[in-house]
1. Is the range 29-37 home to any residue that is at pLDDT below 90, within 20 Å of VAL102 (Cβ to Cβ) and surrounded by 10 or more Cβ atoms within 10 Å (Cβ to Cβ)?
2. Show the residue pairs meeting these rules: Cβ distance below 6 Å; 6+ apart or different chains; first residue within the range 122-134 and assigned by TED's automatic domain parsing to the domain that holds PRO92 and hydrophobic (A, V, I, L, M, F, W, C); second residue surrounded by 17 or more Cβ atoms within 10 Å (Cβ to Cβ) and not in a helix (DSSP H, G or I).
3. Within the range 14-23, does at least one residue satisfy the condition of being at pLDDT below 85 and not in a loop (DSSP other than H, G, I, E, B)?
4. Give the range 72-96 a look and list any residue that's touching a Phe, Trp or Tyr at 6+ places or on another chain (Cβ under 8 Å) and under 20 Å from ARG110 (Cβ atoms), or say none.
5. For residues that are within 13 Å of the chain's Cα centre (by Cα) and not aromatic (Phe, Trp, Tyr), scanning just the range 99-115, find the one that is surrounded by the fewest Cβ atoms within 10 Å (Cβ to Cβ).
6. Quick one: in the range 103-118, which of the residues that are of a type outside the set (A, V, I, L, M, F, W, C), in a helix (DSSP H, G or I) and in contact (Cβ under 8 Å) with a residue 12 or more places away in the chain is nearest to SER72 (Cα to Cα)?
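The values are calculated or read from the model by the stated rules, or taken from the named source; none is laboratory data. Because the structure is predicted, anything quoted here is derived from the model rather than measured. A quick note on method: Cβ atoms are made from the backbone with ideal geometry, for glycine too, and the neighbour counts reach across all protein chains shown.
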Amino acid sequence: MKFLIWLLILGALLWVGRQGHDAWLRVKKAPKDQTTVIRPGAAKSGETPAPAEGPLPGMPESLESGFQNAKSRGPTPLKQWLDQNRRLIRDPRLAAIELDYVVLIGTVNRGEARRVLNELAARLPSDSPVYDRFKKLHDSFR
């Protein structure tokens with residue numbers, strides 16, 4: 001009987017080791033260019049707000065490359081780009097871009113993130129395609 005218990009323990013340890021090794025290999029093979037952004041409140045809620053799927057209406061296609069470039073450079077260039085092009089962009093795309101800005105600036109300046117979210121709360125209708133993302137971010141920055 002003692003031998004059977006030791007055999008089960010050894011089998012369980014081997015199985016756990018194999019699972020850990022497989023997980024480590026998956027992480028090791030993941031692309032190196034993926035960056036992980038830790039969003040405030042994500043640990044509490046267990047989920048991170050994700051951008052809305054698909055292109056949203058409200059922004060001319062000619063601005064897309066400039067937006068992607070500014071977004072990849074960080075919160076300050078994105079804010080400058082947004083200030084320059086705000087008059088050409090309409091909701092819901094404007095709201096989605098502002099939410100991207102909130103995610104970028106939130107780790108550096110929570111007050112600015114709250115200010116932008118409060119402005120969005122005043123103008124964003126509950127039937128907007130980005131409302132769920134807004135609500136999750138708004139709740140996490142309280």
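1. Taking the range 29-37 as the starting set, the residues that turn out to be at pLDDT below 90 are 29-37.
Going one step further and asking which of them are within 20 Å of VAL102 (Cβ to Cβ), we end up with 35-37.
Next, only the ones that are surrounded by 10 or more Cβ atoms within 10 Å (Cβ to Cβ) stay: 37.
Yes, that holds for at least one residue.
2. From residues that are assigned by TED's automatic domain parsing to the domain that holds PRO92 and hydrophobic (A, V, I, L, M, F, W, C), the pairs are VAL130/ALA52; VAL130/PRO92; PHE134/LEU124.
3. Here is the first cut: in the range 14-23, the residues at pLDDT below 85 are 23.
When the remaining residues are screened for being not in a loop (DSSP other than H, G, I, E, B), the result is 23.
Yes, because at least one residue in the range 14-23 is at pLDDT below 85 and not in a loop (DSSP other than H, G, I, E, B).
4. Across the range 72-96, the qualifying residues are PRO75, LEU78, LYS79, LEU82, ALA95.
5. Residues of the range 99-115 that are within 13 Å of the chain's Cα centre (by Cα), as a first pass: 99-107.
Subset that is not aromatic (Phe, Trp, Tyr): 99-100, 102-107.
Numbers: LEU99: 24, ASP100: 18, VAL102: 26, VAL103: 20, LEU104: 20, ILE105: 20, GLY106: 23, THR107: 13.
Going through the qualifying residues, I end up with THR107.
6. Selected residue: ARG110.
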